[in-house]
1. When residue A:109 is evaluated against the numbered criteria (1) touching a residue at least 60 places away in the same chain (Cβ under 8 Å); (2) more than 30 Å from residue B:18 (Cβ to Cβ); (3) touching a strand residue (DSSP E or B) at 6+ places or on another chain (Cβ under 6 Å), which criterion, by number, is the only one it fails?
2. Could you list, in sequence order, all residues of the stretch B:222-249 that are more than 7 Å from chain A (Cβ to nearest Cβ) and outside any loop (DSSP other than H, G, I, E, B)?
3. Which ones in the stretch A:159-171 are surrounded by fewer than 16 Cβ atoms within 10 Å (Cβ to Cβ) and either facing another protein chain (nearest Cβ under 7 Å) or not in a loop (DSSP other than H, G, I, E, B) (or both)?
4. Inspect the stretch B:165-179 for any residue being within 9 Å of chain A (Cβ to nearest Cβ), within 21 Å of the chain's Cα centre (by Cα) and closer than 30 Å to residue A:274 by Cα and give the result as yes or no.
5. Which one of these does residue A:138 not meet: (1) assigned by TED's automatic domain parsing to the domain that holds residue A:63; (2) in contact with a helix residue (DSSP H, G or I) (Cβ under 6 Å, 6 or more places away or on another chain); (3) assigned to a loop (DSSP other than H, G, I, E, B); (4) within 22 Å of residue A:51 (Cα to Cα)?
6. I need the full set of residues from the stretch A:269-293 which are part of a strand (DSSP E or B), crowded, with 23+ Cβ neighbours inside 10 Å and within 7 Å of chain B (Cβ to nearest Cβ), in order please.
7. Among the candidates A:144, A:153, A:148, single out the residue that is more than 7 Å from chain B (Cβ to nearest Cβ), within 21 Å of the chain's Cα centre (by Cα) and at positive phi.
8. Can you tell me which condition residue A:75 does not meet? The list is (1) within 24 Å of residue A:2 (Cβ to Cβ); (2) touching a helix residue (DSSP H, G or I) at 6+ places or on another chain (Cβ under 9 Å), and all the others hold.
């Protein structure tokens, strides 16, 4: 059994998440080879076969060309599995490869299950086990689902090349917006989620934050709706935080939000849905309407 | 110019989900359905493009599923789409993403669309494959996860959302397909006059057998709730009582309450 791992490189750097691919391959018990569009001066700590395309020539986002490089490596390695991270790179590239090969793709694999793979469903509230029905299988792995593993060694480099004809032109990166609030230093964070219902309810959450001498955080939908500035966003596309106490008010717990706050010392979630995924990481789950509970809590704290 | 927007009808994610009788997907009893959240951003962006171009483009909304999906399509028509295509399929929930993409591509092939908008992913299946795979089959230029869209003279300039708040700027020559991320725009609420107007818009029904020629590549063997890892305390009941219990716990377990 062989897995072709597709490493990830961003803005001149090998991403750490690339090592999760090795962690997965080890659990699967598969031999590995890797493809990377990167640079010889920045290679992973890995002793196997590494197909390397020069990022200076290919570019970091040129999906048609990256797809052809993967297909060329597939041709040479004949892998059983082609493995990506479930990231903005992986979920963009993997379906192109799977569709070209007309083979199964399984998205956001959480674990290896009896006779198949386990995937999330219903925004992480449910699970399903699926079986691929093609000889080659494309997989994307949920971030953090498999432990990072550094195999060590020096890669045996194989240069690889392809031509592009695609209608996509990468124009460059735009840096993340400056953080208005540095949540990384906060000891207590009180975060607002969609469950607060409307923008006019933000001051109710802010009052609890004030009572606890806390900073205000927020989930993505609250920021997208313009209820609070982007600088308050906690999660994959916002800030990663680990305060001593994190209080999630009306946040259901999308995987991107959990990734940004699950290392907090103590987590309290207030949610009317007892089955919300936030309950998985919460030390205390208060099953209540957030707009009834929060003012009551704030009043009692003030006494 | 011709534009297609693809939408899925999905259950409210705050629902309680139970396996269906086959044990491979959720039972639909007691679920309330709506347009997939990501797809609302796709519809809004398609309508904005039509408006930008003086109303000239013909904007088609497509959905695959049983009779109930007509409700989601009516909302898209009330938001500003011109016509609907309902691919009638009572087994849509059993199709894998590549089959769904094949159905859309089979429909789109004869229609010569310049632009196709889809959501990044559905909230129930979450594969993030359908849009990109559709583009691949049609040989369209494609960018996923867009948070900004501009169009002029056959070229779409988009921003892709990357991890850590960074964005990638990409230009696409039409024909092109984009998958829309949350926050791309602010989807409008249909006005009452537009809801009334939408009732007169055409929804063409196409049997799925006319478009589906792809065998499944993935089989679901079971659907279930995750084992509860949560070792947390669950507080239920009276709000005042919950608040007092929470304060007591915070005093005992954390050093932040003085």
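The values are calculated or read from the model by the stated rules, or taken from the named source; none is laboratory data. Values in this document were obtained by computation on a predicted structure and should not be read as measured data. Ideal geometry is used to build each Cβ from the backbone, glycine not excepted, and the neighbour counts take in all protein chains shown.
1. (2)
2. At the first step, the residues of the stretch B:222-249 found to be more than 7 Å from chain A (Cβ to nearest Cβ) are B:227-228, B:231, B:237-238, B:241, B:245, B:248.
Across the stretch B:222-249, the qualifying residues are B:241, B:245, B:248.
3. Across the stretch A:159-171, the qualifying residues are A:159, A:171.
4. No.
5. With respect to (1) assigned by TED's automatic domain parsing to the domain that holds residue A:63; (2) in contact with a helix residue (DSSP H, G or I) (Cβ under 6 Å, 6 or more places away or on another chain); (3) assigned to a loop (DSSP other than H, G, I, E, B); (4) within 22 Å of residue A:51 (Cα to Cα), residue A:138 is out only on (3).
6. Filtering the stretch A:269-293 down to residues part of a strand (DSSP E or B) leaves A:269-271, A:284-287.
Those left that are additionally crowded, with 23+ Cβ neighbours inside 10 Å: A:269-271, A:285-286.
Matches in the stretch A:269-293: A:285, A:286.
7. Checking each option against the conditions leaves just A:144.
8. With respect to (1) within 24 Å of residue A:2 (Cβ to Cβ); (2) touching a helix residue (DSSP H, G or I) at 6+ places or on another chain (Cβ under 9 Å), residue A:75 is out only on (2).
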